[in-house]
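Visitor: Please read through the structure below; I'll follow up with questions.
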Amino acid sequence: FQVRKITTPDYLDDFFFDQTYEYVMGASRSGNGGQVIDLVIGHKIADLELPGMPHLGSGITWSWNGTTVMATPHLKDGVISVIDMSTWETVKQIKTEGPGFFMRSHENSPYVWADVFFGPNKDAMHVIDKKSLEIVKTLRPAPGKTVAHVEFTKDGSRALVSIWED
């Protein structure tokens, strides 16, 4: 493969590729938003409203209202941003009990699971409805311990949650 250099307006400390690998969503550690780079034409095509240092590498996608959305937790703020990947607009910012690190779902699950990895509520795991984009349940499987990193069984019928010792 031929090496290609694309100059971006800001650093891409964390990033997320769309399903086609034609676009990359990136953000810098400054936490002042993000950008979308079109890898085919080689330049920025959109700015992203992403406060609080998003963790794009942990982002997930699913179909919502006829489009594909991408959701990402934020490392500094208690919020999850949900972005329409056709318009690059933020469709919702879901308030959480604190900054998160990991998000997961499964194609057979109607829910997204998002941890509250940092702060006093690190024992919380939010379960978010993919249709309403609302938190429908907050779980605390091990009060006082860090609850993180959900993985699903192959068929998506069960979620496995990591409990970290402090």
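Visitor: I'm trying to understand the selection: among the residues of segment 145-160, which are surrounded by fewer than 18 Cβ atoms within 10 Å (Cβ to Cβ) and farther than 23 Å from Lys76 by Cβ?
Guide: If the condition is that a residue be surrounded by fewer than 18 Cβ atoms within 10 Å (Cβ to Cβ) and farther than 23 Å from Lys76 by Cβ, then Glu151, Phe152, Thr153, Lys154, Asp155, Gly156, Ser157, Arg158, Leu160 are the ones that fit.
Visitor: Could you tell me which of the residues Asp123, Asp129 is closer than 21 Å to Lys76 by Cα, modelled with pLDDT of 95 or more and of a type in the set (Asp, Glu)?
Guide: The match here is Asp123.
Visitor: Another question about this same structure. Those residues that are part of a strand (DSSP E or B) and under 16 Å from Trp113 (Cα atoms), I need them from segment 30-62; list them, please.
Guide: Within segment 30-62, Ile60, Thr61, Trp62 meet the criteria.
Visitor: Inspect all residues belonging to segment 22-29 and state whether any of them is aliphatic (A, V, I, L, M), outside any strand (DSSP E or B) and in contact (Cβ under 8 Å) with a residue 12 or more places away in the chain.
Guide: Start the filter on segment 22-29 by keeping residues that are aliphatic (A, V, I, L, M), which leaves 24-25, 27.
Imposing the further condition that a residue be outside any strand (DSSP E or B) reduces the set to none.
No, segment 22-29 has no match at all.
Visitor: Something else now. Regarding segment 94-102, can at least one residue be identified that is surrounded by fewer than 17 Cβ atoms within 10 Å (Cβ to Cβ), more than 20 Å from Phe15 (Cβ to Cβ) and modelled with pLDDT of 95 or more?
Guide: Scanning segment 94-102, I find at least one residue that is surrounded by fewer than 17 Cβ atoms within 10 Å (Cβ to Cβ), more than 20 Å from Phe15 (Cβ to Cβ) and modelled with pLDDT of 95 or more, so the answer is yes.
Visitor: Of the numbered conditions (1) acidic (Asp, Glu); (2) under 18 Å from Pro51 (Cα atoms); (3) modelled with pLDDT of 95 or more, Asp77 satisfies every one except a single condition; which is it?
Guide: Result: Asp77 passes all but (3).
Visitor: Next question. How many residues are surrounded by 21 or more Cβ atoms within 10 Å (Cβ to Cβ), aliphatic (A, V, I, L, M), more than 17 Å from Ser63 (Cα to Cα) and touching a strand residue (DSSP E or B) at 6+ places or on another chain (Cβ under 6 Å) when one looks only at segment 103-136?
Guide: 3
Visitor: Residue check, Glu49 against (1) without any contact (Cβ under 8 Å) to a residue 60 or more places away in the chain; (2) more than 23 Å from Lys122 (Cα to Cα); (3) open to solvent by less than 50 Å² (accessible area, probe 1.4 Å), all met but one. Which one?
Guide: So Glu49 meets the others, but not (3).
Visitor: Oh, and also: When the residues of segment 30-46 are filtered to those that are touching a residue at least 24 places away in the same chain (Cβ under 8 Å) and over 19 Å from Thr90 (Cα atoms), which remaining residue is most open to solvent (accessible area, probe 1.4 Å)?
Guide: His43
Visitor: Just give me the residues in segment 147-166 being of a type in the set (S, T, N, Q) and either touching a residue at least 40 places away in the same chain (Cβ under 8 Å) or assigned to a loop (DSSP other than H, G, I, E, B) (or both), in sequence order. Even if it seems obvious, please write down each step before you answer.
Guide: Residues of segment 147-166 of a type in the set (S, T, N, Q): 153, 157, 162.
Within segment 147-166, Thr153, Ser157 qualify.
Visitor: Within segment 62-93, restricting attention to residues that are within 21 Å of Thr138 (Cα to Cα) and of a type in the set (S, T, N, Q), which residue is most open to solvent (accessible area, probe 1.4 Å)?
Guide: That would be Gln93.
The values are calculated or read from the model by the stated rules, or taken from the named source; none is laboratory data. Because the structure is predicted, anything quoted here is derived from the model rather than measured. In this analysis, Cβ positions are derived from the backbone assuming ideal geometry, glycine residues included, and neighbour counts consider all displayed protein chains. For accessibility, only protein heavy atoms count, side chains too; no ligands or nucleic acids. Shrake-Rupley method; radii C 1.70, N 1.55, O 1.52, S 1.80 Å.
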